[in-house]
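Peer 1: A single structure is presented below for examination.
All of the numbers you see were taken from the coordinates with simple rules; none came from a lab. For clarity, every value in this text was computed on a predicted model and none was experimentally measured. A quick note on method: Cβ atoms are made from the backbone with ideal geometry, for glycine too, and the neighbour counts reach across all protein chains shown.
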Amino acid sequence: MHIDGFIEIKRKHNFYTIELLDKGKHSVYTISKQDVDFKKKNIGIKKSFFLSHSSNDKEFVNRLAVDLSNQNLPVFFDKWEINVGDSIVEKINIALESMQGLILIISSNSINSNWVKKELSSALMQSLSDNSIDIYPILIEYCNIPLIIRDLKYANFVESYENGLTDLINSIRSKFIYG
């Protein structure tokens, strides 16, 4: 009689060796620590890029969400994620707690939005406390950029949507692996 399942995991340098017994067959797998860390980040709560925006900019944000999704970049877009009967505050809170990054849509509408201010504050606190969140500002109209993020380079969608989108995607892909 044999018992199938996990035998042992060993770590040596930046690699893990996993031994399994499957239907009586002994198998050994080696994976890098980077692969394990990346997969651990994506297990459980769906990790995505939070689209922080004013509801007055929904048309632009809808186009952006579709374009990012078409590039296999996971986004939290309230229009797609919050259903009738859901607690808006709870859904947004969960998304903010589990986000990989905040894509901040900057416009005259968003800089005056209380929701956007709270979402940005949440991202800044996470970024300062454990450096786990990246903030990706994107400019969709010339306006007064909040002082606290003026040092961050923004993707300029005012001059060219396509160039702004390319800059944003390249920036995200330089930090994360998406296919």
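Peer 1: Mind ordering 81-92, 51-62, 115-126, 99-110 by average Cβ neighbours within 10 Å, highest first?
Peer 2: On the way: 81-92: 11.3, 51-62: 19.3, 115-126: 17.5, 99-110: 23.1.
Peptide ranking by packing, descending: 99-110, 51-62, 115-126, 81-92.
Peer 1: On alpha-carbon atoms, Rg over Rh for the stretch 135-179 using Kirkwood Rh? Working shown, then result.
Peer 2: On the way: Rg = 11.4 Å, Rh = 11.3 Å.
Using only Cα positions, Rg/Rh for the stretch 135-179 is 1.01.
Peer 1: What whole-number volume per residue, in cubic angstrom, does the convex hull of the C-alpha atoms of the stretch 49-175 give? Display every interim value, and only then the final one.
Peer 2: On the way: hull volume 13.3 nm³, N = 127.
Taking only Cα atoms, the stretch 49-175 has a hull volume of 105 Å³ per residue.
Peer 1: Shifting gears a bit: From the residues ILE133, LEU73, ILE92, which one has its Cα farthest along the dipole of the stretch 71-179 in the positive direction, the dipole being from +1 and -1 charges on Cβ of Lys/Arg and Asp/Glu about the Cα centre?
Peer 2: ILE133
Peer 1: Run the dipole for the stretch 49-175 about the Cα centre, Lys and Arg Cβ at +1, Asp and Glu Cβ at -1, nothing else charged, and hand back the magnitude in debye, nearest 20. Show your work: numbers first, answer last.
Peer 2: Values: 10 positive and 16 negative charges, 24 e Å.
Here the stretch 49-175 has a charge dipole of around 120 debye.
Peer 1: Continuing with this model, one more query. Using 22 Å as the Cα-Cα cut-off, could you pick out the over-long pairs in LYS91/LYS117; LYS118/LYS175; LYS91/LYS175; LYS91/LYS118; LYS47/LYS175; LYS117/LYS153?
Peer 2: On the way: LYS91/LYS117 17 Å; LYS118/LYS175 25 Å; LYS91/LYS175 26 Å; LYS91/LYS118 14 Å; LYS47/LYS175 14 Å; LYS117/LYS153 19 Å.
Over 22 Å apart, Cα to Cα: LYS118/LYS175; LYS91/LYS175.
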